[in-house]
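Accompanying notes for the structure given below.
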Amino acid sequence: ADKYIALSQVVKQMYVAHGYDEDKIDVIPNFAAGQITPAGCRRSSKGHTFNVLSVGRLSQEKGFDILIRAFSKLAKRNFRMRLTIVGDGPQGEALKKLTCGLKIDKQVVFAGKVPHEAIWQYYQSANVFVHPAIWAEPFGRIILEAMQFQLPLIVSSAGAPQEIVGDAGLVFEKANVDDLTQKLELIYRDKELRQKLSSNCSKVLQNYDRDKILDKIVAVYQEVLDRQ
């Protein structure tokens, strides 16, 4: 091959570690999809409960158990919080049992699989989005989706999400329940921080503008063709 396209620096580093020529690898991320909020729909107002949202496949590598344990620490300190997890998968029943065992099942909502065209309702009612994965994800398009709703983010240090989130979120050490608990509490207590991270979403999303990304992809192909 004359060129490779990696979705993130994390992917590029993996390729290089396995012997690929670093000079042949260009990093070009995914682009943000079109706005998924229904036309004319206003952002819903938040109630008195602080809403934590996470979306993804309910499998071990996604780290939802880490999020539930961190949330539990704050719930037991009488923080007015609710956790909503959207998605399904093989770990679903185990995660529900975990919430029952921690006695927080009344504060955790498992929404199950939601049609993509309906997911905007969950983003609009959230105060913060958490991406707790414990494996090195190559990208994480769900993060771009959350930023489209101006949500402050908390992401784990595993893989590309910390690279994507930029100034729109906080990073916690992967699989570290205590660190995630601290970051959640910080976001909960610090309204100015939430507003700052939220306002930074639009700026960060500019890096994932569709036309800019497509221009970069075309440029890679043109470079290869010019060598022929």
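Just checking, which of Leu180, Leu197, Leu184 is over 17 Å from Lys73 (Cβ atoms) and open to solvent by less than 40 Å² (accessible area, probe 1.4 Å)?
Leu197
Taking first residues from the range 66-79 that are β-branched (Val, Ile, Thr) and partners that are open to solvent by 10 Å² or more (accessible area, probe 1.4 Å) and not in a helix (DSSP H, G or I), the Cβ contacts under 6 Å between residues at least 6 apart in sequence or on separate chains come to Ile66/Ala175.
Considering only the range 82-195, give the helices (runs of 4 or more DSSP H) lying wholly within it that have at least 2 residues that are closer than 14 Å to Ile68 by Cβ. Step through it out loud before you land on a result.
Values: elements: 92-101, 120-124, 141-148, 161-165, 177-189.
Here the list reads 92-101, 177-189.
Within the range 198-222, being outside any helix (DSSP H, G or I) and in contact with a Leu (Cβ under 8 Å, 6 or more places away or on another chain) holds for no residue. Only a single item in (1) in contact with a strand residue (DSSP E or B) (Cβ under 9 Å, 6 or more places away or on another chain); (2) modelled with pLDDT of 95 or more; (3) open to solvent by less than 40 Å² (accessible area, probe 1.4 Å) is not met by Gln107, and it is number (3).
Gln60 - would you say it is in contact with a strand residue (DSSP E or B) (Cβ under 8 Å, 6 or more places away or on another chain), more than 17 Å from Ile142 (Cβ to Cβ) and not basic (Lys, Arg)? Talk me through it step by step, then tell me what you get.
Details: in contact with a strand residue (DSSP E or B) (Cβ under 8 Å, 6 or more places away or on another chain): no; more than 17 Å from Ile142 (Cβ to Cβ): yes; not basic (Lys, Arg): yes.
Spelling it out, it is not the case that Gln60 is in contact with a strand residue (DSSP E or B) (Cβ under 8 Å, 6 or more places away or on another chain), more than 17 Å from Ile142 (Cβ to Cβ) and not basic (Lys, Arg).
Which one of these is open to solvent by less than 20 Å² (accessible area, probe 1.4 Å), farther than 30 Å from Arg227 by Cβ and either modelled with pLDDT of 95 or more or of a type in the set (Gly, Ala, Ser) (or both): Ile68, Ile25? Within the list Ile68, Ile25, the selection yields Ile68.
Do we find that Leu95 is within 25 Å of Gln150 (Cα to Cα) and open to solvent by less than 10 Å² (accessible area, probe 1.4 Å) in this structure?
Numbers: within 25 Å of Gln150 (Cα to Cα): no; open to solvent by less than 10 Å² (accessible area, probe 1.4 Å): yes.
The answer is no for Leu95.
Taking each residue of the range 168-179 that is more than 16 Å from Gln60 (Cβ to Cβ) and looking for partners that are of a type in the set (Lys, Arg) and open to solvent by less than 50 Å² (accessible area, probe 1.4 Å) with beta-carbon atoms closer than 7 Å, six or more apart or interchain, yields Leu170/Lys183; Phe172/Lys183.
The C-beta contact set for the range 112-129 (first residue touching a residue at least 24 places away in the same chain (Cβ under 8 Å), second residue in a helix (DSSP H, G or I) and surrounded by fewer than 11 Cβ atoms within 10 Å (Cβ to Cβ), distance under 6 angstrom, 6+ apart or interchain) is empty.
The values are calculated or read from the model by the stated rules, or taken from the named source; none is laboratory data. This is a predicted model, so every value here is computed, not measured. Note that we place each Cβ from the backbone using ideal geometry, even for glycine, and neighbour counts take in every protein chain shown. Note: areas computed on protein heavy atoms with side chains; ligands, DNA, RNA excluded. Shrake-Rupley method; radii C 1.70, N 1.55, O 1.52, S 1.80 Å.
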